[in-house]
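The values are calculated or read from the model by the stated rules, or taken from the named source; none is laboratory data. Here the structure is a predicted model, which means the values were calculated and not measured. Don't worry about glycine lacking a Cβ; one is built from the backbone with ideal geometry, like all the others, and counts go over all protein chains shown.
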Amino acid sequence: DALMLVTRSAAPLKEARIKACSALSNLAIGYDNKIPMFRYPGFVDAILGVIRSDEGEARIKACSILWSFAAEMRNQVPVVQRGDILPTLVQVAATDTQTEARFKCVAALTLLAESLPNALPLLPALTPLMDILSDAGPDPTQWKGQTASWCVGFLMNMAQADDAVPHLRDAGVVQLLAPLLTLDHYQSLKAAMAVTFVCRYDEDDETYDLLRKTETVIPKIINLLHNTLSARGGSGYKYGVFTLRSSVGCIQSLASGPDFMKERMATGPVYDSLLRVVS
């Protein structure tokens with residue numbers, strides 16, 4: 001309550017507000033604190049007030065708190081259902097080009113997209129995040145920071161929702177991600193998974209050629225499933241979030257694709273991993 005009072009003060013000392021937000025941000029990192037803090041009466045309103053009224057370090061810390069809330073799976077749908085957090089995240093992602101607040105809000109949006117019920121409500125974030133990725137350019141080795149990487153993760157998560165796929169297609173997601181498919185880079189993994197999900201119901205020649213470009217990434221996708229089931233990290237984990245649903249769902253899409261993909265899926269290690277999921 002005391003920390004919230006400092007953040008809400010009509011004319012708070014700048015340093016005091018920063019320290020209060022920093023303390024609250026550190027508390028929100030704690031796994032056991034994410035749900036109680038999100039539900040605490042008036043807390044979210046206070047944090048949103050900081051984001052709307054501050055343009056410096058306090059705002060960055062406040063955005064970090066929303067990121068922490070989104071990192072808890074049980075918070076993800078309630079965060080979106082509140083109705084006031086999502087527009088704030090999108091607004092900061094779209095307009096803040098000067099501070100880390102944008103990065104933290106993009107990361108929060110990516111995590112919220114892990115929950116399929118959030119896909120359609122998250123569509124307003126599609127254009128600003130695609131713009132960020134487009135501005136970053138097609139060479140991930142030249143990207144500054146991790147914001148663009150989280151944007152790829154956002155598209156990968158969104159692509160797993162059937163209702164969102166037509167919107168992703170119309171927005172040009174496949175064309176935006178296509179340059180990443182043939183790179184020997186961890187971003188190609190997320191891009192290939194996103195494209196596979198978006199194209200999973202298509203059978204035209206253009207889609208076939210596009211999926212051919214993902215062929216070199218298939219072993220990485222299979223390895224991702226193995227690592228996830230073994231509770232191990234791997235290339236790309238540091239730069240985004242891969243749920244078990246992502247890797248299993250992508251293999252499902254690959255297995256329903258052209259014959260060359262079915263052949264790549266029909267291996268003992270894939271069978272073993274899928275049986276572990278079933279059991």
Could you check, for the stretch 54-77, whether at least one of its residues is among the hydrophobic types (A, V, I, L, M, F, W, C), more than 25 Å from Gly249 (Cβ to Cβ), in a helix (DSSP H, G or I) and at pLDDT below 95? yes
Pairs needed: first member in the stretch 141-162, among the charged types (D, E, K, R); second member anywhere, at pLDDT 90 or above; C-beta distance under 9 Å; at least 6 residues apart or different chains. Lys144/Ala136; Asp162/Leu116; Asp162/Ala119
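Which residue out of Ala171, Ala136 is more than 21 Å from Gly249 (Cα to Cα), among the aliphatic types (A, V, I, L, M) and surrounded by fewer than 18 Cβ atoms within 10 Å (Cβ to Cβ)? Spell out how you get there, then give the answer.
Details: Ala136 fails: surrounded by fewer than 18 Cβ atoms within 10 Å (Cβ to Cβ).
Going through Ala171, Ala136 in turn, just one is more than 21 Å from Gly249 (Cα to Cα), among the aliphatic types (A, V, I, L, M) and surrounded by fewer than 18 Cβ atoms within 10 Å (Cβ to Cβ): Ala171.
Tell me, yes or no, whether the stretch 64-83 has at least one residue that is more than 23 Å from the chain's Cα centre (by Cα), of a type in the set (Gly, Ala, Ser) and under 13 Å from Ser25 (Cα atoms). I'd like the intermediate steps shown before the answer.
From the stretch 64-83, those more than 23 Å from the chain's Cα centre (by Cα) are none; that's our starting set.
Checked against the condition, which is being more than 23 Å from the chain's Cα centre (by Cα), of a type in the set (Gly, Ala, Ser) and under 13 Å from Ser25 (Cα atoms), the stretch 64-83 yields no hits at all.
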Does Ala255 count as small (Gly, Ala, Ser) and either within 17 Å of the chain's Cα centre (by Cα) or modelled with pLDDT of 80 or more (or both)? no
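Please pick out the residue among Ala192, Ala148, Ala178, Ala159 that is within 25 Å of Pro121 (Cα to Cα) and surrounded by fewer than 24 Cβ atoms within 10 Å (Cβ to Cβ). Give the steps one after another, and end with the answer.
Details: Ala192 fails: surrounded by fewer than 24 Cβ atoms within 10 Å (Cβ to Cβ); Ala178 fails: within 25 Å of Pro121 (Cα to Cα); Ala159 fails: surrounded by fewer than 24 Cβ atoms within 10 Å (Cβ to Cβ).
Residue meeting the stated conditions: Ala148.
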Look at Leu129 and say whether it is in the same structural domain as Arg169 (by TED's automatic domain parsing), crowded, with 23+ Cβ neighbours inside 10 Å and either in contact with a Lys or Arg (Cβ under 8 Å, 6 or more places away or on another chain) or among the hydrophobic types (A, V, I, L, M, F, W, C) (or both). yes
Check Ala93 against each of (1) surrounded by fewer than 19 Cβ atoms within 10 Å (Cβ to Cβ); (2) touching a Pro at 6+ places or on another chain (Cβ under 8 Å) and name the one condition it does not meet. (1)
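What are the residues in the stretch 88-128 that are over 17 Å from Pro78 (Cβ atoms), assigned to a loop (DSSP other than H, G, I, E, B) and of a type in the set (D, E, K, R), if any?
Of the residues in the stretch 88-128, the ones over 17 Å from Pro78 (Cβ atoms) are 90-107, 110, 123-128.
Subsequent filtering for residues that are assigned to a loop (DSSP other than H, G, I, E, B) retains 96-100.
Within the stretch 88-128, Asp96, Glu100 qualify.
Given the structure, is Lys104 buried (at least 23 other Cβ atoms within 10 Å of the Cβ) and of a type in the set (D, E, K, R)? Give the steps one after another, and end with the answer.
Details: buried (at least 23 other Cβ atoms within 10 Å of the Cβ): yes; of a type in the set (D, E, K, R): yes.
So Lys104 fits the description; yes.
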Selection from the stretch 195-243 of residues that are hydroxyl-bearing (Ser, Thr, Tyr), at pLDDT below 70 and surrounded by 20 or more Cβ atoms within 10 Å (Cβ to Cβ): Thr228
